Amino acid sequence: MDYPILNTIESPDDLKRLSRDQLDILCEEIRHFLVEKVSRTGGHLASNLGVVELTVALLLCTDLPQDKIVWDVGHQSYVYKILTGRRDEFDHLRQYGGLSGFPKRRESEYDAFNTGHSSTSISAALGLAMSYYMAGDDRTVAAVIGDGSLTGGLAFEALNNASELKRNFIVILNDNDMSIAHNTGGLSAYMSRLRAGKIYNGAKISVADKLIRIPGVGEKLIKSIKKTKSSLKQLVVPDMIFEDMGLTYLGPFDGHNIDTMVRFINEAKKIDHPVVIHVKTKKGKGYGPAERNPEKFHGISAFDPKTGEIISPGKNKTYTEFFSGAIVEAGRENNNIVAITAAMPEGTGLNEFKKQYPERFFDVGIAEAHAVTFAAGLATAGRKPFVAVYSSFLQRAYDEIIHDVCLQNLPVTFCIDRAGLVGQDGETHQGIFDISYLSTIPNMNIIAPKNGTELMDAVRFAADFNAPLAIRYPRGAAEDIFTEFRQPFELGHSEGIFLEKDIAIISVGNMMKTAAAVRERLKAQGLYVSLINARFVKPVDEKLLDDLLADHKCIITMEENVISGSYGMAVLRHLNEIGSDIRVINIALPNIYVEQGDVSVQRSECRIDPDSIYERIIKELQ
C-alpha cells in the first residue's frame, strides 16, 4: 500500500504543516502501516492502533526532542517511533540489530526514557520535570500511562509525590478499559465512575473558559470558585482521587478526536502544577480482528492481515499449555489450591483454571508485589497459592518474596513462565536473572523441568510441597526430549539420563536438548559422557556431585541464566568447599542485557548454542 502523507513525515515538525483533513488521512495511513508491518514481524498491535490520534495530538502540542514524553510500558510507542524518523526501520521491528519494540534512549534522541515494565512513567517523567524545574527550564514534560498500569503501586507513589511539584507536569491517562486482559478490581470501577463524570468536567471547563474572558476579575472569580468547588464536585463525581491529591483533573475526552486533545493538552500546558488529562480510547481501533479480540492482538506473532489468523502456529504444546492442564488437574484434586495472576490470565495459562474454579482464581491487576504478599496471606490461612507470573515481572516483587513468603517459610508456589531468553521483546523481558535472584533467598526451592511432561510432574509435586517453591520454564513450544525418563520427584535430587564416566554434563531445564546434542558430538570423538538432568536448581544435589568425583574428570553445567549467581556457580562453590580439584566448565549467559531478536540468534550471540558450546569444551579439554 502507498502512504502518500505518511511518507512525507520525517520528524514531528512535518506534522505541523499538515491540514486538518490531512491529519485524518495520516491516521488512517498509520493504521494500515501498522497492520502491514506487524503482520510480518509480529509485535504489539492492539495497543498501538488505539493511540494513533493521541500520539499525533501530543506531537502537535510539543516541541520535540526539547520537550519530553515518557511512555508507560512502551509497547504502545510504535506510532511515536513512526512519526519521529524511524518509519523505514519497521521492516526490522524486534529483530536482532533492528528496531526495538520499546522506547530506547540509545535508539533515538526522541526517546526520553527506557521502558518495558508497567507503572514507571509518572516516576520517571516526574524526575525529568523536577530536574528541569531546578534548572529554571520550563520545557513540557508528559507521562502517558494506561488505566491498567495505574494498578501498579509505583504509579500512585509517583502521583503522591507529584503534588509537591511547583511547575507544569502533564499525565495523560490513556483509558481503554484494558491492561493486557480486561481490568479488574476497585480501580477499574473507579475509572468507570470517572467516565460517568464527564458532565461535571465539561461544565467545569465551559465555566472556566467563560470566566477567564472577563477583564480584570475572571481569574479572581475562578480562584474563588475553586475554594468552594469541592462540595459540588463530590455531588457529581465521588472520590475524585486526582484532585484530592492536589492534581488538576481534566476529562474524560475522546482519545480519537485530535481537535479536542490538542485543545486540552495546550490548556494543560498553561497550568502551573501537575495535571491529569483523562482520554478514552479503543484498543485495536481501525482493524476489525484487533477490535474484536484486543487481548489476542496485544502481543502477536506474524499473522494474515486479511483474516487476523496467526501464520503457521506451533504444533507442539507450549510449556504454558502444559502448566495450564496441570494446574487445573491439581485444582480438581485439592480444593485449597488457588491461582493468582497479575493481569495476565491468558499469557500465564490460567484462563482454564479461571473457567473451572472462578471462586479460587484471583487477578490482582498489574501489581506483582501485591500478588506475592496476597498469596502469603492466603497461605497463612491454609490455602495453597500458585502465583503464575513471567520471570522478568517477578523481579518487581523481590522484597515481598524474601520478607512475606520465604521468611515465614510459607507454601507459595511461583510458576515462572518466560524463564530464559524470550526473543523479540528484548532486554526488559528476558527471564535470565531468576535463578540468580531466587537462589540467594533462604527457604526458597527451585525446579527447572526438562520438558513439558516434567513440568506437569513438578506442579503435582508442588501441590503437596509445604515450603516456598519456584518452577521455572521457558516461552514457546515445550521440548519432548527424554519423555521416557520420568523419575519420581524427590527434593534436591537430580535425574540421571545417561551415566558413563570421564565427562558429566548437568543440564538445567530447557538446555537439555542442547546438552544432548553436545553430548552426541563429544561421543563421536570417542569420549565417554554422562548426561544429568539437574531438575532441582536449589537445593543442589550435592550427593550427586560427590558421586561424580569417583570416575569423572570434568563437570560441565549448562543453563539459560546469567553466569553470576547461576546454578553452575553453586556447583563450583560446593566442589571448592570439599576441596575437589575436578575441572568445571560453566556454560551460561554472560552478565549482559540481551537485546531483541530471534532466540536462536540470541543463543548464538551469547555462545550457548550447540556449536559454540562444543567448540569451547574441546578447546578447554585440550
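For the chain, the mean residue ellipticity at 222 nm estimated from helices alone is -11000 deg cm²/dmol, where every DSSP H run of n ≥ 4 contributes -39500 (n - 2.57) and the total is divided by all residues, rounded to the nearest 500.
In order along region 122-131, the Karplus-derived 3J(HN,Hα) couplings, from 6.51 cos²θ - 1.76 cosθ + 1.60 at θ = phi - 60°, round to 5, 4, 5, 5, 5, x, 4, 4, 5, 4 Hz, and Gly and Pro are given as x. Stokes-Einstein diffusion for region 76-129 at 10 °C, viscosity 1.306 mPa s, with a Kirkwood radius from C-alpha pairs, works out to 134 µm²/s.
Of Thr413, Pro252, Ala570, which is farthest along the charge dipole of the chain in the positive direction, counting Lys and Arg as +1 and Asp and Glu as -1 at C-beta? Looking along the dipole axis, the top candidate is Pro252.
For Ile505, the amide hydrogen comes within under 5 Å of the amide hydrogens of Ser530, Leu531, Ile532, Ile556, counting only partners 5 or more places away or on other chains and with H modelled in the peptide plane. A straight chain from Met245 to Asn591 at 0.36 nm per residue would run longer than the Cα-Cα distance by 120.4 nm.
On the protein heavy atoms, probe 1.4 angstrom, tell me the percent of accessible surface of region 253-380 carried by carbon and sulfur. Percent of accessible area from carbon and sulfur atoms in region 253-380: 49. Solvent-accessible surface of region 429-584, taken per residue with a 1.4 Å probe and all protein chains present: 37 Å². With the Cα gyration tensor of region 281-334 giving a ≥ b ≥ c as the square roots of its eigenvalues, does the rule (a/c under 1.5 for rounded; else a/b larger than b/c for prolate; else oblate) give rounded, prolate or oblate? Taking the square roots of the gyration eigenvalues as a ≥ b ≥ c, region 281-334 is oblate. Here the spin labels are modelled as points 7 Å beyond Cα on the Cα-Cβ line, and at Asp546 and His574 they lie 1.0 nm apart.
Placing dummy labels 7 Å off each Cα toward the beta-carbon, the span from Arg607 to Asn409 is 4.3 nm.
Across the protein chains, with a 1.4 Å probe defining accessible surface, the residues Met130, Met1 rank Met1, Met130 from largest area downward. Database remark: amide H of His552 closer than 5 angstrom to the amide H of Asp502 (H placed geometrically; neighbours at sequence offset of 5 or more, or on other chains; Pro and chain starts carry no H). Considering only Leu491, Thr453, Asn466, whose Cα is most displaced toward the positive end of the charge dipole of region 428-503, charges sitting on Cβ of Lys, Arg (+1) and Asp, Glu (-1)? Of the candidates, Asn466 comes out farthest on the positive side.
Relative contact order, whole percent, for region 469-591 stands at 26, derived from Cα pairs under 8 Å and 6 or more residues apart.
Under 5 Å between amide hydrogens, built in the peptide plane, is the criterion, and for Ile446 it picks out Ala470, Val537, Lys538 among residues at least 5 positions away or on other chains. Averaging 1/r over each pair of different alpha-carbon atoms in the chain and inverting the result gives 26.4 Å, the Kirkwood hydrodynamic radius.
Gain on full extension, evaluated as 0.36 nm per residue between Ala517 and Asp581 minus their Cα-Cα distance, stands at 20.3 nm.
Normalised by the number of residues in region 285-366, the mean separation of alpha-carbon contacts (under 8 Å, six or more apart) gives a relative contact order of 22 percent. Ranked by solvent-accessible area (1.4 Å probe, protein heavy atoms only, all chains present), the residues Leu527, Leu378 order from largest to smallest as Leu527, Leu378. Counting only protein heavy atoms and using a 1.4 Å probe, the accessible area of Val387 comes to about 10 Å². The Asp502 and Glu157 beta-carbon pair, evaluated with R₀ = 45 Å, returns a calculated FRET efficiency of approximately 0.20. Modelled label positions at Gln395 and Arg616, each set 7 Å beyond Cα in the direction of Cβ, lie 2.1 nm from each other. A straight chain from Asn7 to Asp91 at 0.36 nm per residue would run longer than the Cα-Cα distance by 28.8 nm. Annotation note: GluC sites (Glu not before Pro) in region 424-509 located in DSSP loop regions with a Cβ neighbour count of at most 13 within 10 Å are Glu484, Glu490. Each of Ile340, Ala550, Gly284 was scored by the projection of its Cα onto the charge dipole of the chain, and the greatest displacement toward the positive side belongs to Gly284; charges sit on the C-beta of Lys, Arg, Asp and Glu. Accessible area of Val562 (1.4 Å probe, protein heavy atoms only, ligands and nucleic acids ignored): about 10 Å². Is the shape of region 13-113 rounded, prolate or oblate, going by the alpha carbon gyration tensor and its root eigenvalues a ≥ b ≥ c, with a/c under 1.5 for rounded and a/b larger than b/c for prolate? Note, shape of region 13-113 comes out oblate. State the Cα centre-to-centre distance between region 341-397 and region 251-303 in whole Å. Comparing the Cα centres of region 341-397 and region 251-303, I get a distance of 29 Å. What region 342-395 shows is 36 Å² of accessible area per residue, with the surface traced by a 1.4 Å probe over protein heavy atoms. Within the accessible area of region 422-493, what % is carbon and sulfur when the probe is 1.4 Å and the other protein chains stay in place? C and S atoms contribute 50 percent here. Of the solvent-accessible surface of region 30-141, computed with a 1.4 Å probe over protein heavy atoms with every protein chain present, carbon and sulfur atoms account for 46 percent. Magnitude of the charge dipole for the chain, about its Cα centre and with charges confined to Cβ atoms of Lys, Arg (+1) and Asp, Glu (-1), is about 1700 debye. For region 350-429, the extents of the C-alpha atoms along the principal axes are 40, 33, 18 Å, listed from largest to smallest. About its Cα centre, the dipole of region 540-622 is roughly 220 debye, where the only charges are +1 on Lys and Arg Cβ and -1 on Asp and Glu Cβ. Taking a ≥ b ≥ c as the square roots of the eigenvalues of the Cα gyration tensor, region 475-622 is rounded, since a/c falls below 1.5.
For region 436-481, the normalised intensity computed at q = 0.21, 0.26, 0.31 Å⁻¹ comes to -0.75, -0.97, -1.13 (log10 of I(q)/I(0), Debye sum over alpha carbons, equal scatterers, no solvent). Placing His75, His403 in order of accessible area, with the largest value first and a 1.4 Å probe, yields His403, His75.
Looking at region 85-147, the trypsin sites (Lys or Arg not before Pro) that sit in a DSSP loop and have at most 13 other Cβ atoms within 10 Å of their own Cβ are Arg105, Arg106.
The values are calculated or read from the model by the stated rules, or taken from the named source; none is laboratory data. The structure presented is a predicted model; accordingly, all values stated were derived computationally and were not measured. Cβ coordinates were reconstructed from backbone atoms using ideal geometry, including for glycine residues, and neighbour counts include every protein chain displayed. Note: accessible area is taken over every heavy atom of the protein model, side chains too, but ligands, DNA and RNA are not part of it. Shrake-Rupley method; radii C 1.70, N 1.55, O 1.52, S 1.80 Å.
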